[in-house]
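The structure under discussion appears below in the form of structure tokens.
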Amino acid sequence: MSTKTQHLRILHVFRAPLGGLFRHVLDLTRAQLARGYDVGIFCDSTTGNAVTESALAELAPRLSLGLHRVPIARNPGLGDIAAIRALGRVRRETGANILHAHGAKGGAYARLLPLPPGTRAARLYTPHGGSFNYRPGSAAHRVYMAVEALLARRTEVFTFESAFIAGRFAANVGGFEDRVRVIYNGISDAEFEPVDTSAATFDLLYIGELRAAKGIDTLLDALARLHAAGRPFTLLAVGSGPDRDALVARAAELGLTDAIAFEGPCPIRQALGRARIMVVPSRAESLPYVVLEAAAASQPMVSTDVGGIPEIFGPQHARLIPPDDPERLAAAIAAKLDEGEASRRAEAEALAAHVRARFALDTMAEGVLAAYAAALDADAPGPASAAEIRAA
């Protein structure tokens, strides 16, 4: 049966309704609903914040396959058995023929779920970094890559949001090149409205989760160096996460309490423009939405050279700096703030133009639908070639 006559019934499976992964699911879901497909969401019931709960509440009445929330722990445990059984019930009751898994935990659930013989359904996996962001060679990395290799056999199509993560997959799992597609995250035309930083009350802006992988501790150390050098810059840190209390304590130890404001999550455009530059000090990323959104809004940025961030910066990638280097980060921040406003603005506008040309929401949505077709139809358009992946 061809997808030309088979209606897609899409169930997005993931753990936490937070961060860039959740933004990706929301964008895909809305695009798929607008194209007339039946869509549902299966995710954790124990995590979230006011912003994400509001988004789910707005979307729920439009989900013909329903919003299904069950407890899903971050780390593996016995509770996963009950959650996978719940996913099986949802798939049977909704008749979902596309299980689109996001993140390591969603990927495990969708692919461990037994499908009865003769079931015409496809499983797609988008890691969003996930287990591929563990340090290569570490014990955790070896364990997760072994699991990924086993689960790969139960995956019809892999959709990677960056060529970087596709490369990690090829290097550490490999053997499934015919199932791989690189589909960049995309953003809408409305997000290219420039922000105005002329009335900014902070020097620096950090937006994201407050956890080790995001490198905000390195940013605090860089800020302390700048203060010691007589540059008393201020920082607005927007987000939540498991390391918030430790970071607040670290700021106090460094004598930065009065220089930093920690605020809870909010829509990114409410934060953009409140500071003269945004800083992305991450240790690991895939293709972060926060960088795409800030670039689209012409927000001046200083960023580390990790994951798919160079793919976003394109012709400006040479100005990215290594992670875990507070001295280099401090120097980059000082240099950017010492630039004239006109110079910062011109550079930011050039980056926005690059992002507009390469990271469109409609392109992402159509690419994912083509991947669904490839998973269900042998005669669907083929996946990207290895050369195309390397060139992406």
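What the table below lists for this structure:
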| item | result |
| --- | --- |
| Neighbours by Cβ (under 7 Å, 6+ apart or cross-chain): first from the stretch 187-208, outside any loop (DSSP other than H, G, I, E, B); second basic (Lys, Arg) | 192/356; 202/274; 203/276; 205/274 |
| Boolean, residue 223 is of a type outside the set (Gly, Ala, Ser), within 19 Å of residue 282 (Cβ to Cβ), over 24 Å from the mean Cα position of the chain (by Cα) and surrounded by 18 or more Cβ atoms within 10 Å (Cβ to Cβ) | yes |
| Single residue of 52, 29, 94 found to be in contact with an Asp or Glu (Cβ under 9 Å, 6 or more places away or on another chain) and surrounded by 17 or more Cβ atoms within 10 Å (Cβ to Cβ) | 94 |
| Any hit, the stretch 246-258, residues being assigned to a helix (DSSP H, G or I) and over 28 Å from residue 50 (Cα atoms) | yes |
| From 346, 332, 342, residue being over 29 Å from residue 102 (Cβ atoms), in contact with a helix residue (DSSP H, G or I) (Cβ under 9 Å, 6 or more places away or on another chain), without any contact (Cβ under 8 Å) to a residue 40 or more places away in the chain and in a helix (DSSP H, G or I) | 332 |
| Selected residue (criterion: surrounded by the most Cβ atoms within 10 Å (Cβ to Cβ)) from residues of the stretch 227-284 that are among the polar types (S, T, N, Q), out of contact with any Pro (no Cβ under 6 Å at 6 or more places or on another chain) and under 17 Å from residue 210 (Cα atoms) | 282 |
| Failed item, numbered, when residue 148 is tested on (1) closer than 25 Å to residue 24 by Cα; (2) more than 20 Å from the chain's Cα centre (by Cα); (3) part of a helix (DSSP H, G or I) | (2) |
| Among the candidates 224, 229, 237, 146, residue that is of a type outside the set (S, T, N, Q) and within 23 Å of residue 75 (Cα to Cα) | 146 |
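Residues checked against (1) part of a helix (DSSP H, G or I); (2) closer than 22 Å to residue 362 by Cα:
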position: 11; (1), (2): no, yes
position: 31; (1), (2): yes, yes
position: 36; (1), (2): no, yes
position: 51; (1), (2): yes, no
position: 85; (1), (2): yes, no
position: 92; (1), (2): yes, no
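Where a number appears in this text, it was derived from the coordinates with a stated rule and is not lab data. Keep in mind that this is a model prediction, so the values were computed, not measured. Cβ coordinates were reconstructed from backbone atoms using ideal geometry, including for glycine residues, and neighbour counts include every protein chain displayed.
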